[in-house]
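Peer 1: This is the structure, below, for whatever I ask next.
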Amino acid sequence: MKTLYLVRHGETLFNALHKIQGWCDSPLTKKGIQQAKQAKQWFEKQHICFDHAYSSTSERCCDTLEIITSLPYQRCKGLKENNYGLLEGEHDYLAENDPQKCATYYLQFGGESNETLKERMVKTLTDIMEKEDHHSVLAVSHGGACFNFLRAWQDPTEELKKGFGNCCIFIYEYENHCFYLKDIIRQEES
């Protein structure tokens, strides 16, 4: 059985300022750097070694990955966050947070639908895990991307209620072209 460790990036400046952040980017905050260090410590405590690592092309994900591991990694556009169109960088009170309503909400602003994001994440991560020598893989992505990926494999409602905070770790087992959520490691908020 293969294992995928899918990690949401650490807190960013736009997260702290409550700005919508999809394809636009902002740097990790001090708290975000600390969250990535805590994720690294969790992996070390569990004695988890990765044979391959991948990151969204966003700086916030690359920086998070580089704190977690010194393993060389590949940047993948398929791991990027949802494109929020004209709402990129705007205050997050303009965002739609209801999972059903936001399925197509961002299309009107030139963004992408949740279905497009889900299909992109599934294709990208399936292609990665199908590689013969990929048994323990780290991938760093985004909150919306992680949520929509989970939605492809199970009803995410109960897990969503618990939240998908920065640097949470989704642990998936991969077999026969399917992902099975084994656990979500959430950091305690301070």
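The values are calculated or read from the model by the stated rules, or taken from the named source; none is laboratory data. What you are looking at is a predicted structure, and each value in this text was computed from that prediction instead of being measured. Note that we place each Cβ from the backbone using ideal geometry, even for glycine, and neighbour counts take in every protein chain shown. Note: accessible area is taken over every heavy atom of the protein model, side chains too, but ligands, DNA and RNA are not part of it. Shrake-Rupley method; radii C 1.70, N 1.55, O 1.52, S 1.80 Å.
Peer 1: Write out the GluC sites (Glu not before Pro) in the range 109-187 meeting two conditions: DSSP loop, and at most 13 other Cβ atoms within 10 Å of their Cβ.
Peer 2: Loop-located and lightly packed - GLU130, GLU132.
Peer 1: Okay, moving on. In what sequence, largest accessible area first, do LEU181, LEU125 appear using a 1.4 Å probe? The partial results should precede the final answer.
Peer 2: Working: LEU181 40, LEU125 0 Å².
Greatest to least solvent exposure: LEU181, LEU125.
Peer 1: In the set [x] 125; [y] 108; [z] 177, which value of volume of the Cα convex hull per residue in Å³ was calculated from the structure you see?
Peer 2: Calculated volume of the Cα convex hull per residue in Å³: the matching label is [y].
Peer 1: Right, next: If you plug each phi of the range 79-87 into the Karplus form 6.51 cos²θ - 1.76 cosθ + 1.60 with θ = phi - 60°, what whole-Hz ³J(HN,Hα) values come out, in order, with x for Gly and Pro?
Peer 2: So the J values, rounded to whole Hz, are 9, 5, 6, 4, 8, 9, x, 5, 7.
Peer 1: Quick one: order HIS9, HIS18 from most to least accessible surface, probe 1.4 Å.
Peer 2: Result of the area sort, largest leading: HIS18, HIS9.
Peer 1: Can you give me the accessible area per residue for the chain, using a 1.4 Å probe, in Å²?
Peer 2: Per residue, the chain has 50 Å² of solvent-accessible surface.
Peer 1: Something else: So if I place +1 on the C-beta of Lys and Arg and -1 on the C-beta of Asp and Glu, and nothing else carries charge, what would the dipole magnitude of the chain be about its Cα centre? I want it in debye, nearest 20.
Peer 2: On the way: 22 positive and 28 negative charges, 61 e Å.
Dipole magnitude for the chain comes out near 300 debye.
Peer 1: Any chance you could look up the accessible area of TRP42 with a 1.4 Å probe, heavy atoms only, rounded to 10 Å²?
Peer 2: Here the residue's solvent-accessible area equals roughly 50 Å².
Peer 1: In addition: Can you grab the distance from the C-alpha centre of the range 149-168 to the C-alpha centre of the range 52-95, Å, no decimals?
Peer 2: 17 Å
Peer 1: Non-local amide H neighbours of TYR54 (under 5 Å, H modeled in plane, Pro and chain starts lacking H): which ones?
Peer 2: GLN74, LEU138, ALA139, VAL140
Peer 1: Now for a different question. Counting only protein heavy atoms and using a 1.4 Å probe, what share of the accessible area of the range 28-133 belongs to carbon plus sulfur, as a whole percent?
Peer 2: Values: 2860 of 5870 Å².
Result for the range 28-133: 49 percent of the exposed heavy-atom area is carbon or sulfur.
Peer 1: Give the calculated FRET efficiency between GLN46 and GLU66 to the nearest 0.05, with a Förster radius of 22 Å applied to their Cβ-Cβ distance.
Peer 2: Working: r = 20 Å, r/R0 = 0.89.
Rounded to the nearest 0.05, the efficiency is 0.65.
Peer 1: Given an 8 Å cut-off on Cα distances and at least 6 residues of separation, report the relative contact order of the range 130-190 as a percent. Kindly include the intermediate steps, with their values, before the conclusion.
Peer 2: Working: 45 pairs, mean separation 15.9, N = 61.
Relative contact order for the range 130-190 comes out at 26 percent.
Peer 1: Shifting gears a bit: In debye to the nearest 20, how big a dipole does the range 81-190 give about its Cα centre with +1 on each Lys and Arg Cβ and -1 on each Asp and Glu Cβ? Please list the in-between numbers first.
Peer 2: Working: 10 positive and 21 negative charges, 23 e Å.
Roughly 100 debye for the range 81-190.
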